[in-house]
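Before any comments, here is the structure.
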Amino acid sequence: AQSVAQPEDQVNVAEGNPLTVKCTYSVSGNPYLFWYVQYPNRGLQFLLKYITGDNLVKGSYGFEAEFNKSQTSFHLKKPSALVSDSALYFCAVRDPRSGYSTLTFGKGTMLLVSP
Amino acid sequence: GAVVSQHPSWVICKSGTSVKIECRSLDFQATTMFWYRQFPKQSLMLMATSNEGSKATYEQGVEKDKFLINHASLTLSTLTVTSAHPEDSSFYICSTPDRAMNTEAFFGQGTRLTVV
């Protein structure tokens, strides 16, 4: 079975500083990995995905994520945080061998960027 | 990307009444839609898979008589919370299926249900 772990309930960072939101995964085969962001009382918005190829993936709003197969991680990063980045972030995984299955989500990490 | 419109964005209802939540795919035909429930500060929990023209598939522990799903057309799926109770208060989100294994899903805006 596939699973996702986001070890931090909350990440606090000052505006202008780099941020990292951690994600580790467990799947049987090569994973498809996704990051979504959720603002209060809104649905999820897609940020970026890793399918294959370059381990460093660039996405929306200046976010990027690095796929590390040996550490089974897919941490979300941004070089310089903005207050408007404050939101709930979800990492998700899909095992491509499992057919058209739904995504498995982590529990989410609240990012708070202070001015 | 695909556009999914969910309505209403919020609703308050009295205990014992029923509430219908609609999810529309605006630019594609969705034979399948997913319905999630999200508790405060928690992840999304898949409730059911809505299938156009056939019965929905419910996840273990989800009451199918409580959460009625209808997918009568290729652009509309509805979730009806019947005889609502305060414990049904939650955030409900619909989502498209994946067009392919390597594509992202698209989500509705979500519905905040409060049962008083």
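Values for this structure:
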{"quantity": "Most mobile listed residue (A:VAL37, A:VAL57, A:VAL83) in chain A, GNM with C-alpha springs under 10 Å", "calculated": "A:VAL83"}
{"quantity": "Inter-chain shielding of A:35-44 (mean C-beta neighbours from other protein chains, 10 Å cut-off)", "calculated": "6"}
{"quantity": "Label point distance in nm, A:GLU15-A:TYR61, each placed 7 Å from Cα along Cα→Cβ", "calculated": "1.5 nm"}
{"quantity": "Selected from A:PRO31, A:LEU88, A:ASN12, residue furthest toward positive end of dipole (chain A; charges at beta carbon)", "calculated": "A:PRO31"}
{"quantity": "Order of exposure, largest accessible area first, which applies to B:ILE21, A:ILE51 with probe 1.4 Å", "calculated": "A:ILE51, B:ILE21"}
{"quantity": "No Cys partner within the rule (Cβ under 4.7 Å), chain B", "calculated": "B:CYS13"}
{"quantity": "Length-normalised contact order for the stretch B:1-57 - Cα pairs under 8 Å, 6+ apart - percent", "calculated": "26 percent"}
{"quantity": "Among B:GLN60, B:GLN29, B:GLN38, residue whose mean-square fluctuation peaks in a GNM of chain B (springs only between Cα atoms under 10 Å)", "calculated": "B:GLN60"}
{"quantity": "Neighbour cut-off at most 11 other Cβ (10 Å), DSSP loop, trypsin sites (Lys or Arg not before Pro), the stretch B:1-41", "calculated": "B:LYS14, B:LYS41"}
{"quantity": "Chain B, relative contact order in percent, only Cα pairs under 8 angstrom and at least six apart counted", "calculated": "36 percent"}
{"quantity": "Net lengthening on full extension, B:LYS55/B:THR80 (0.36 nm per residue, minus Cα-Cα)", "calculated": "7.6 nm"}
{"quantity": "Entries in A:LYS49/B:LYS20; A:LYS107/B:LYS64; B:LYS41/B:LYS64; A:LYS69/A:LYS107; A:LYS22/B:LYS66; A:LYS77/B:LYS20 that, when Cα-Cα distance is taken, lie over 28 Å", "calculated": "A:LYS49/B:LYS20; A:LYS22/B:LYS66; A:LYS77/B:LYS20"}
{"quantity": "Solvent-free Debye scattering, log10 I(q)/I(0), computed from the Cα coordinates of the protein assembly as shown at q = 0.11, 0.14 Å⁻¹", "calculated": "-0.56, -0.90"}
{"quantity": "Relative contact order (%) - chain A, alpha-carbon pairs under 8 angstrom, separation at least six", "calculated": "38 percent"}
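The values are calculated or read from the model by the stated rules, or taken from the named source; none is laboratory data. Just so it is clear, the model here is predicted, and its values are computed rather than measured. Positions of Cβ are generated from backbone atoms using ideal geometry, with glycine treated the same way; all protein chains shown enter the neighbour counts. Just the protein is used for accessible areas: all its heavy atoms, side chains included, with ligands, DNA and RNA removed. Shrake-Rupley method; radii C 1.70, N 1.55, O 1.52, S 1.80 Å.
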